[in-house]
Structures are given as structure tokens and as C-alpha cells.
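The values are calculated or read from the model by the stated rules, or taken from the named source; none is laboratory data. Just so it is clear, the structure is predicted and the values come from calculations on it, not from any experiment. With ideal geometry, Cβ positions are generated from the backbone for all residues, glycine too; neighbour counts draw on all protein chains shown.
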Amino acid sequence: MISLNEFLSAIQENARRITHYETGGDGSGGGCDCIGLIIGALRLEGEAWRGAHGSNWAARNAVSGLNAIDSAENVFLGEIVFKAKEPGESGYDLPEAYEDSPDRRDYYHVGVVTGVSPLCITHCTGVEGGIQRDAALGQWKWGGKLNCVSYDAEGEDSAGAMYRAIVTADNGYPVKMREGPSQKSRIMAVVPLGSWVNVLREENADWSIIAYNGMTGCMMSRFLRRESGGGAEDAAALLRSGLEEIRDMASRLLSQLNERM
């Protein structure tokens, strides 16, 4: 069993090494298919995949609480989501291995919810580079929890953390948490100054993998100050500093406007 943060971090790590879609691949050689994104992530965390390499097997054997998704508001971080066809629908092609299954749906594609606000469903498909991230629910109609992942929120952000850090910036603005270690990567959250995050690992000299508010993502290391024992007092001081910066900027802008009038 691995934590949700470990799973999401491994999904991102596996997605970064994928270069193309390849049936039966798990990302280790660059090639990957939809279920391979999940299998490869688990293997990165030392978890074995004990079944068939396929989304139909996963839906029936590796996921619990599989239910219909009626709204994007009802998905949760780390949820395993499926596209499926019912018997008689165009493109329905349930593998022979599941013909005796009481569940007659063909779960033909699988992805992972890696962001909820905004929505992001990460999956491996036949696009250039192999990885696609959907910002709308679309045909993702079924979802559940991966059996080998702990979705218990209590203490989740601190699971596997190297250390705690406080978010700080000299300009007084909140700091962006991104999906990957690049300023071109999708923004997952805008983290207020003074927020505490858990640093899971240092990706390179410039970026760290952090856990914040149930999400795992990347933040530039220069915005992270390692915990030194100040705790809430440090956080309050940084918040006050940020507010003072904002007030100063607002005052300067108002003065400039008055001068032009």
C-alpha cells in the first residue's frame, strides 16, 4: 500500500519519461499505453502489478467503489477514471476473457485525476508525446479508488516528506505550484504566502516536489524556506509581510493615478 501523494508523484514521474504510445508499455522504455501509466507509476514505488495488463482487468480487479461519475464536481484527487462502452454501442469490443463477467461494460480507456480545481485527468494515448491532460470530464464516466493506494486524507500531505517548508516570496505575491518542474508546466494551485507545505524530494537544483492541500506538484525551491521551529509565528509574520507589500503597491498605484488626474 502506498500513500496518495506517493502515487500522484509517481504518476507525474512516469508521465515525464513517456515519449510515445505503445501497447503493453509501462513508461520504463519511453513507450506506454493507458493502463501502463498506472502500472509504471506503481513499479516506480516498488509495487507489483498482479494481473493482466489491461484497463478491463483493472476496472474489475484493481479498483474498488467503481461508480458512475455524473459531474466533474464529484471527482477526487487520485481517482482512477474510465471511458466505457455498453453492449450494442458502436466500438464495443469486450475482450473474450471477460465474456463471463457480470459487468458487461467495455472499459476501453483509463486515466488518473491529477487535479480537481481546475480539473486535470492525465492519461496516455496516441497523441504526440503520448501524454494528454483533459480539463473536462467528457467521456470519462466511471471512477473508483485504486486498491493499493491509501486515500486516507489524515496526515496525507506529510507522508514520505523530507521536511516541512513555508512558502515565501520577496515580491509579496502567492507562488504557483505546477504539475512539472518547468515554468511552462500547468498550474495546479496558487499557494498563499505563509502556507506550510511538505517537501517530498528535491527534483533538481531549482525545483522541489511538494505536497500541499492534498495535491502533489512542483514549486521552485527558492520560494521554500525550510522549517526552523518558528511554526505558526513564522507563518503569521510572513503573512503580515505579504499584506504590507500589497498595501504598499496599492498605495503607489493610487498615487500614480492621482498624479495623472
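Some observations on this one:
- Filter pass, residue 127 being in the same structural domain as residue 38 (by TED's automatic domain parsing), farther than 22 Å from residue 52 by Cβ and either touching a Gly at 6+ places or on another chain (Cβ under 8 Å) or surrounded by fewer than 18 Cβ atoms within 10 Å (Cβ to Cβ) (or both): yes
- The set of residues in the range 75-94 being assigned to a loop (DSSP other than H, G, I, E, B) and either loosely packed, with under 14 Cβ neighbours inside 10 Å or β-branched (Val, Ile, Thr) (or both) consists of 75, 76, 86, 87, 88, 89, 90, 91, 93.
- Annotation note: Cβ proximity below 8 Å between a residue of the range 164-183 that is assigned by TED's automatic domain parsing to the domain that holds residue 15 and closer than 17 Å to residue 12 by Cα and a residue that is buried (at least 18 other Cβ atoms within 10 Å of the Cβ) and among the small types (Gly, Ala, Ser) (sequence gap 6+ or interchain) occurs for no pair.
- Applying the condition of being of a type in the set (Val, Ile, Thr) and within 17 Å of residue 4 (Cα to Cα) to the range 36-73 and asking which residue is farthest from the chain's Cα centre (by Cα) yields 63.
- Total residues in the range 198-207 satisfying the condition of being touching a residue at least 40 places away in the same chain (Cβ under 8 Å) and crowded, with 17+ Cβ neighbours inside 10 Å: the figure is 2.
- Members of the range 6-31 that are under 14 Å from residue 215 (Cα atoms) and either aliphatic (A, V, I, L, M) or outside the structural domain of residue 45 (by TED's automatic domain parsing) (or both): 8, 10, 11
- Selection status of residue 110, modelled with pLDDT under 95 and closer than 30 Å to residue 210 by Cβ: no
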